[in-house]
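Since the structure comes first, as structure tokens, the remarks are kept for the end.
The values are calculated or read from the model by the stated rules, or taken from the named source; none is laboratory data. Note that this is a predicted model, so its numbers are computed, not measured. Note: accessible area is taken over every heavy atom of the protein model, side chains too, but ligands, DNA and RNA are not part of it. Shrake-Rupley method; radii C 1.70, N 1.55, O 1.52, S 1.80 Å.
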Amino acid sequence: MAGAPDERGPGPTAREQLQQQHVGCRVFPERAAQGTPQQGFLSSFFTSNQKCQLMLLKTLETNPYVKLLLDAMKYSGCAVNKERHFSCEDCNGNVSGGFDASVSQIVLCQNNIRNQAHMSRVVTHELVHAFDHCRAHVDWFTNVRHLACSEVRAANLSGDCSLVNEIFRLHFGFKQHHQTCVRDRAILSILAVRNISKEVAQKAVDEVFESCFNDHEPFGRIPHNKTYARHAHRDFQNRDRYYANI
């Protein structure tokens, strides 16, 4: 985010730009037709937008998952700006949000995000993608394995597969439940943004699952709840102090 990946390599080719536009059209069709929507003065008077902005602000200021990811991105040279890198918009279908890699922006679907807890999960999930975009040369648009890896990490680290969320989905009680949930959520996310078969998505997830499931950066561990996330944030903040004392 914050333009850092563009500084580390050449800009996208004409073919890549067309592919980026095609993917963006599938997830956020109004963006291709109208350009990236801007949130002007009058938009704040619309209830859904105002609610989205207030929930976003609370999440950025208080959620330990998000606070860690924001600090990690700043540490990596990709500081996040609320006005530049988040956009509350109406979205088609039932999608809750997405990371628009073509403009390094997280889209929050104000018509589909239900409450504060939901907002926090969506922001955390998309910030994992933004963190991956910052730290690695992710080929979001032509390499499905790259996309699969980031989706596995986002499902694993964002709380998407917490016990509470899975109980609400009526999914619980079987062996290696967390791994199964992460795999299933990653496949669903891929199918939401790529026009490929379920078999191709499953194959991509299977190929990257072990290494990407075990990549816990920047948390250092799987943050199963907010207490885990707070400890991970504390450890991250003390990282430099620890190494300085060796």
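Tally up the carbon and sulfur contribution to the accessible surface of region 44-125 as a whole percent, 1.4 Å probe, everything protein left in place. Result for region 44-125: 50 percent of the exposed heavy-atom area is carbon or sulfur. Summary of the geometry: region 89-124 and region 46-63, compared by the centres of their Cα atoms, lie 12 Å apart.
Measuring with a 1.4 angstrom probe and ignoring ligands and nucleic acids, Tyr75 comes out at about 140 Å² accessible. Rg and Dmax, both from the Cα atoms of region 47-192 and both in Å, are 14.8, 43. What region 72-151 shows is 38 Å² of accessible area per residue, with the surface traced by a 1.4 Å probe over protein heavy atoms.
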